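Notes follow once the structure below has been shown.
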Amino acid sequence: DQQVKQNSPSLSVQEGRISILNCDYTNSMFDYFLWYKKYPAEGPTFLISISSIKDKNEDGRFTVFLNKSAKHLSLHIVPSQPGDSAVYFCAATARGGADGLTFGKGTHLIIQP
Amino acid sequence: EAQVTQNPRYLITVTGKKLTVTCSQNMNHEYMSWYRQDPGLGLRQIYYSMNVEVTDKGDVPEGYKVSRKEKRNFPLILESPSPNQTSLYFCASNWGGPYNEQFFGPGTRLTVL
């Protein structure tokens, strides 16, 4: 049973517009959520995170929103830039990270000029 | 430079020939883990280690072994590789606290013929 779901395998957005990547989870024990970005031939790199006690976290062009009642989070990138083209993974953890991270399948974001 | 290194980066081998993929981190992190990435399946955790001599199974441990004799090293061992272990492998580390922002290595692409 997939506990972290990213239902859009790919997303195409025009440069300068907003990119919205979605993630749903089923495990109510998850208390911390992270987004990772991955370029081809490289390991994933941490982008932004949010604790379950918050509903929003912002870092520059990146904002993550958490809706606990819906078990849904989203990553907003504004404005989208060509360098944002990558695969984005949503991940979640419980019990302070003792069990490691559970990842979604990823969304390939393509920023078009 | 703070980093996670993996060796080799690429490996082609044959079924049944034992192999080891090394992983080393220079950040004095307590927590280390191994993931595999497969098309359409995202990142799945194989094994993790919360400290020296402490290891535990992740979501897909079958066919793999690990050891954690030193804090900095966490090798992944395939005693008898099979073609279904052809994958892209990532090692990761973090300090093991509640904010599980793992640092990933560059990846090892393994092909088992």
Could you name the lysines in cross-link range of B:LYS18, using Cα to Cα under 23 Å and dropping any fewer than eight places away on the same chain?
B:LYS57, B:LYS65, B:LYS69
Calculate, for A:SER8 and B:ASP59, the FRET efficiency according to 1/(1 + (r/R0)^6) with r their C-beta to C-beta distance and R0 30 Å; round to the nearest 0.05.
0.85
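Compute the normalised compactness of the protein assembly as shown: alpha-carbon radius of gyration over 2.2 N^0.38 Å, N being the residue count.
Values: Rg = 17.4 Å, N = 226, 2.2 N^0.38 = 17.3 Å.
Against the compact-globule rule of thumb, the ratio is 1.01.
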Cross-link reach list, lysines versus A:LYS54, counting only Cα pairs under 16 Å and skipping chain neighbours closer than eight places
A:LYS68, A:LYS71
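Pairwise over distinct Cα atoms, reciprocal of the mean inverse distance: report the Kirkwood radius of chain A in Å, one decimal place. Could you put the intermediate results ahead of the total?
Values: mean 1/r = 0.0712 Å⁻¹.
Radius from the Kirkwood sum: 14.1 Å.
Enter the mean number of other protein chain beta carbons within 10 Å of the beta carbon of each residue in B:103-109, as an integer. Numbers along the way, then the final one.
Working: counts 4, 7, 3, 3, 5, 0, 1.
The per-residue average across the peptide is 3.
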Quick note, chain B: a/c under 1.5 would make it rounded; otherwise a/b > b/c is prolate and the rest oblate (a ≥ b ≥ c, C-alpha gyration tensor); here it is prolate
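Give the percent of DSSP beta bridges with both residues in the protein assembly as shown that are antiparallel, rounded to the nearest 5. Before the final figure, lay out each step's value.
Values: 70 of 79 bridges.
If I count the DSSP bridges inside the protein assembly as shown, around 90 percent turn out antiparallel.
For chain B, what is the charge dipole size about the Cα centre, in debye to the nearest 20, if Lys and Arg each add +1 at the Cβ and Asp and Glu each add -1 at the Cβ? Could the numbers behind the result be given before it?
Details: 12 positive and 10 negative charges, 71 e Å.
In debye, rounded to 20, chain B gives about 340.
The numbers here are math on the coordinates, done by the rules we state, and not lab data. Just so it is clear, the structure is predicted and the values come from calculations on it, not from any experiment. Note that we place each Cβ from the backbone using ideal geometry, even for glycine, and neighbour counts take in every protein chain shown.
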